[in-house]
1. (1) open to solvent by less than 100 Å² (accessible area, probe 1.4 Å); (2) without any contact (Cβ under 8 Å) to a residue 12 or more places away in the chain; (3) part of a loop (DSSP other than H, G, I, E, B): which one isn't true of Ala50, the others all being true?
2. Is the range 52-65 home to any residue that is of a type outside the set (Phe, Trp, Tyr) and either within 22 Å of the chain's Cα centre (by Cα) or under 30 Å from Arg6 (Cβ atoms) (or both)?
3. In the range 19-47, how many are over 19 Å from Met3 (Cβ atoms), assigned to a helix (DSSP H, G or I) and open to solvent by 70 Å² or more (accessible area, probe 1.4 Å)?
4. Hey, does the range 40-47 have a residue that's of a type in the set (Asp, Glu) and under 13 Å from the mean Cα position of the chain (by Cα)?
5. Which residues, taken from the range 1-17, are open to solvent by 70 Å² or more (accessible area, probe 1.4 Å), among the β-branched types (Val, Ile, Thr) and either at pLDDT 90 or above or in a helix (DSSP H, G or I) (or both)?
Amino acid sequence: MAMTVRIPEELDAQLDAIARERHTSKHALLLEAATRFVNDTGRAAQVNAAVDFVLQHDQELLTRLEDA
């Protein structure tokens, strides 16, 4: 899918510098950043779900530990 992204000048210059250092394109950098963001967001959702599960299923134990 094609997409146009408008990037502020300062960020564009920073991306240019990083792309030159890494011998890659800004396009590749943006894809890498988007992939990392999606993966991190997915992991955060999994952690939140796990915490919710523990809080719901182990509430009695957590209360006893609190009082210990």
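The values are calculated or read from the model by the stated rules, or taken from the named source; none is laboratory data. Just so we're clear, the structure is a prediction, and the values are computed from it rather than from any experiment. Note that each Cβ is placed from the backbone with ideal geometry, even for glycine, and that neighbours are counted across all protein chains shown. We work out accessible area using only protein heavy atoms, side chains counted, and drop any ligands, DNA or RNA first. Shrake-Rupley method; radii C 1.70, N 1.55, O 1.52, S 1.80 Å.
1. (3)
2. Checked against the condition, which is being of a type outside the set (Phe, Trp, Tyr) and either within 22 Å of the chain's Cα centre (by Cα) or under 30 Å from Arg6 (Cβ atoms) (or both), the range 52-65 yields at least one hit.
3. Residues flagged as over 19 Å from Met3 (Cβ atoms), assigned to a helix (DSSP H, G or I) and open to solvent by 70 Å² or more (accessible area, probe 1.4 Å) within the range 19-47 amount to 8.
4. If we filter the range 40-47 for residues that are of a type in the set (Asp, Glu), which is where we start, we get 40.
Checking the rest, the ones that are also under 13 Å from the mean Cα position of the chain (by Cα) come to 40.
Yes, the conditions are met somewhere in the range 40-47.
5. Thr4
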